[in-house]
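Colleague: Could you have a look at this structure, given as structure tokens, before my questions?
What follows is calculated from the coordinates using simple rules that are stated; it is not laboratory data. Bear in mind the structure is a predicted one, so any value in this text is a computation, not a measurement. Here the Cβ is made from the backbone with ideal geometry for all residues, glycine too, and neighbour counts use every protein chain on show.
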């Protein structure tokens, strides 16, 4: 981004972007969870407030943005490689080494994907944190979910769970390593 008078401009503040995008989501635009309640689900309540529904909708929208970025990256890669997909990484690298402009586009596409993916992960984490705050009994549950009609539930986790660790205080990725999942 550049500003004609002052040179490069800073990207939008993350909290500002979240606030702005949440404000644009009307109730008739809410993404509706469609998962069926399963026998192993323990229902704890239903989301009633529009703010949490907006946050869920923003998570779904940002996830879709990320998916589209992946598709754009694949399109760029296939344009560089041509119709024939090489069988091994050496062939791919050889083709890429001959198309620096294409590689630059691919790198920009990867940067866009990473930016969108990190933003989507942040919105997802905010949503699930707010769900856990709204339903405090979920704080220690390793696997929570949302089902159709905005039903919130938890499920027994089949993988071992280490209770002694504060999984919410760990760096990103560690919670998954120790079995805390959100779906």
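Colleague: Return the distance in nm (one decimal) between the two label points of a simple spin-label model at residue 108 and residue 51, each offset 7 Å from Cα along Cα→Cβ.
Modeller: Using points 7 Å along Cα→Cβ, the separation is 3.9 nm.
Colleague: Separate question: Gap in Å between the Cα centre of the range 77-103 and the Cα centre of the range 19-48?
Modeller: 42 Å
Colleague: Take the range 18-100, drop everything but the C-alpha atoms, weight them equally and run the Debye formula without solvent; then report log10 I(q)/I(0) at 0.10, 0.23 Å⁻¹ to two decimals.
Modeller: The computed values of log10 I(q)/I(0) come out as -0.51, -1.13.
Colleague: If I model a spin label at residue 34 and residue 121 as a point 7 Å from the Cα along the Cα→Cβ vector, what separation in nanometres do I get?
Modeller: Output for this residue pair reads 2.7 nm.
Colleague: What full-extension length gain, to one decimal in nm, is calculated for residue 139 and residue 90 as 0.36 nm per residue of separation minus the Cα-Cα distance?
Modeller: So the chain would gain 12.9 nm between residue 139 and residue 90.
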